[in-house]
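Worksheet: the structure to be examined is printed underneath.
The values are calculated or read from the model by the stated rules, or taken from the named source; none is laboratory data. Everything numeric in this text was worked out from a predicted model, so none of it was measured. Here the Cβ positions follow ideal geometry from the backbone for every residue, glycine too, while neighbour counts run over all protein chains shown. Quick note on the areas: whole protein, heavy atoms, side chains included, nothing else; ligands and nucleic acids left out. Shrake-Rupley method; radii C 1.70, N 1.55, O 1.52, S 1.80 Å.
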Amino acid sequence: MNLILCGFMGCGKTTVGRLLAQKTGYAFKDTDALIEEEQGQTISRIFDTFGEAYFRDLEHEICRRLGGTDGMVISTGGGALTFERNVQALQKNGKIIFLDVPFETLKKRAGSDPARPLFQDGEKAKLLYEKRYPLYLKAADVLINGGLSPEQTAAAILKQLNKMGETV
Ligand code: S3P
């Protein structure tokens, strides 16, 4: 089984993912890092040169591939699990965990980050967040309320999985 972290930009998927991997002994994979590594360029460069649709296809290919693995903690890009094809690819062998963090906190952490092309404009990002929120909820097997430290968040995830009878 894999543990898949989802949520909006800045919710802590990568930080919490690394911690979860340490705690469980699972391997850690980050979909954005894999794309950058394989393409030899940054996400923002890919967006600039080829556009978002091209990026989404690369992202889907990675999700499809990771869906066939086991024993991984997978941190996804903020848009990945708003697409049904990626949810299907990853959920067949994993539990999707939504890190639910209020928009104002996300904005403080990730707003205007040049590495995040879809968080350059706060107003647009807010609309995107509102549009995506129900999709994250729909995809999620586990909902974790944000606002906790990464350590507390990782512990809360393990507790919740344990309650669900999942052995990790
Ligand atoms: C995106 C989020 C980014 C990255 C890309 C698109 C999005 O990942 O995949 O910039 O659509 O929300 P993070 O959530 O890790 O910033």
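Remarks
- The residues of the stretch 45-168 expose on average 54 square angstrom of accessible surface per residue, using a 1.4 Å probe on protein heavy atoms.
- The stretch 79-165: C-alpha pair distances exceeding 23 Å, %: 31 percent
- Taking a point 7 Å out from the Cα of LEU148 in the direction of its Cβ, the residues of the stretch 20-62 whose backbone N falls within less than 19 Å of it are 20-26.
- Tensor-based shape of the chain (alpha-carbon gyration tensor, a/c under 1.5 rounded, otherwise prolate or oblate): oblate
- Estimated vicinal HN-Hα couplings, Hz - the stretch 70-77 in sequence order (Karplus 6.51, -1.76, 1.60; Gly, Pro = x): 9, x, 10, 9, 10, 9, 9, x
- Taking the accessible area of the chain, probe 1.4 Å, and keeping the other protein chains in place, the carbon and sulfur fraction comes to 50%.
- Mean sequence separation of contacting Cα pairs (under 8 Å, at least six apart), scaled by the length of the chain, corresponds to a relative contact order of 32 percent.
- Note on LEU137 and TYR54: their simple-model spin labels are 3.6 nm apart, each label 7 Å out from Cα toward Cβ.
- Residue order for PHE8, PHE83, PHE47 - accessible surface, 1.4 angstrom probe, largest first: PHE83, PHE47, PHE8
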